[in-house]
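Q: Have a look at this one before I ask anything.
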Amino acid sequence: MKHVTLFGCAGVLLFAGATEPFAQQQPTQRPFFVGNPLGLPVEPTAGAAFEGISSNVKVYGAIYSAESCSYDAERGVIVVPNRGVPQNVQVNNAWVSFINHDGSVHTARWIGVQNSADRANLTPPLVLNEPLGSDIANGMLYLADRDGGTTANEPSVAVIRRFNMRTGAPAGEFRVERSAWFNDIEVADDGTIYATQTGDRAANPDPTTWQVWKITPDGTASIFVQGAPLRTPNGIALDPQGNIVVVNVGNTEVLTFSRAGQLLKTENAVQAGNDGLVILRDGTKYVSSVLNGGVSRIRPGKSAELIARNIPSAASMCYDAGANQLVIPMNANNGLAFIRIE
């Protein structure tokens, strides 16, 4: 925090001798652009040829407080939204990274290469605050973001933001005023979004806060499932039949609902406290526990088995189809865990 404050002061002193007060200077409008892969220049510059980093240099990292990831089959990279600092510290601070199959960095900052103060001057402007869940569908990256919540008295509002996977440019958003924030999301082929609201985790919780939302392609939002059997719902995915599957933080249950919201099946992971959910084409489910650190595998018609243990803060994982592996963001540990599927 001290470093940020000092940097801000330096920026003010830098303009102290300007003939026009800094507050009155008009920002320069620039076209929207995304960050380059590792190399120079970092930001695309007119007339400057990009040169990639030397092939004998390996870089790992670039992840900061990531809650989810998605796989981009066209590029063959793992797409990771970084939350950055919380809303009450600085708004519009998040960014999106591309990670290679081996965990090395492809693009440190793709969306969000600009500083927070410069993002409003882009065409179109960029807003990305604290993204949690993510999904890629129909050439779009969907992120479960939120606005507000910068103070204890300012309400938080759930916002689904979309970005063009070819250009990285913002492609619209859906605000859901009746929800403070969404945790995980899954997008169907027709553009319908299913989103979990984890809700109350107190000793005597309010079950009405446990919700799964449905947002149609025109932005109409409604509660899809509410209350029991949900128990602080978190991870969400579609199975091969198009049913909606949800994992609970509050117990071991893995719930399968029809498109009409009818409970079809209840399975159980080995551990409770679950966050991530991946479902393969053969119906096999993988469930990660953010509280207990294990990854459960549930094969169709079989009981769950634990295939990995003790992963710190194992959050909303994704399936890297290019390398046949699970990729698990580790929240505050600022890293990714990789598990090859056998």
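The values are calculated or read from the model by the stated rules, or taken from the named source; none is laboratory data. A quick note: this is a predicted structure, and the numbers were derived from the prediction, not measured. Backbone-built Cβ (ideal geometry, glycine too); neighbour counts: all protein chains shown. We work out accessible area using only protein heavy atoms, side chains counted, and drop any ligands, DNA or RNA first. Shrake-Rupley method; radii C 1.70, N 1.55, O 1.52, S 1.80 Å.
Q: How large is the direction-averaged shadow of the alpha-carbon convex hull of the chain, in nm²?
A: On the way: hull surface 79.0 nm².
That works out to 19.7 nm².
Q: Tilt of helix 2-14 relative to the longest C-alpha principal axis of the chain, in degrees (0 to 90, nearest 10)?
A: Approximately 30 degrees, to the nearest ten.
Q: Could you work out what % of the accessible surface of the chain is carbon and sulfur, using a 1.4 angstrom probe and leaving DNA, RNA and ligands out of the count? Provide the component values of the computation, followed by the final result.
A: On the way: 8400 of 16230 Å².
Carbon with sulfur: 52 percent of the solvent-accessible area.
Q: Here is a follow-up. Any chance you could run the full-extension gain for Asn251 through Ile53? It's 0.36 nm times the residue separation minus the Cα-Cα distance, nm to one decimal.
A: Full-extension gain reported as 66.7 nm.
Q: Under a 1.4 Å probe, what is the accessible area of the chain per residue, stated in Å²?
A: 47
Q: Still on this structure: Please calculate the 1.4 Å probe accessible area of Phe224, with all protein chains present, and give it to the nearest 10 Å².
A: Around 40 Å² of this residue is reachable by solvent.
Q: Leaving ligands, DNA and RNA out of it, rank Glu74, Glu177 by accessible area with a 1.4 Å probe, largest first.
A: Largest to smallest exposure gives the sequence Glu74, Glu177.
Q: Which order do you get for Val57, Val245 if you rank them by accessible area with a 1.4 Å probe, largest at the top?
A: Val57, Val245
Q: Less than 15 Å Cβ to Cβ from Asn234, Lys/Arg counted +1 and Asp/Glu -1: what total charge do the surrounding residues give?
A: Around Asn234, the charge tally is -4.
Q: Could you list which residues have their amide H under 5 Å from that of Ser156, counting only those 5 or more apart in sequence or on another chain, with H placed in the peptide plane?
A: Residues meeting the amide H criterion: Gly149.
Q: Still on this structure: Build a GNM of the chain with springs between Cα atoms under 10 Å: which of Asn204, Asn331, Asn248 gets the top mean-square fluctuation?
A: Asn204
Q: Let me ask something else. Pick from Leu141, Leu128, Leu38: which is most flexible by mean-square fluctuation in a GNM of the chain where alpha carbon atoms under 10 Å apart are linked?
A: Checking each option, the largest mean-square fluctuation is seen for Leu38.
Q: Students sometimes get this wrong: rank Arg309, Arg146, Arg175, Arg161 by accessible area, probe 1.4 Å, all chains present, largest first.
A: From most exposed to least exposed: Arg309, Arg175, Arg146, Arg161.
Q: Once you put a point 7 Å from the Cα of Asn138 and another 7 Å from the Cα of Arg201, both along the Cβ direction, what distance in nm separates them?
A: Label-label distance for Asn138 and Arg201, simple model: 3.3 nm.
Q: Among Asn138, Asn153, Asn121, which one moves the most in a GNM of the chain with springs linking Cα atoms closer than 10 Å?
A: Asn153
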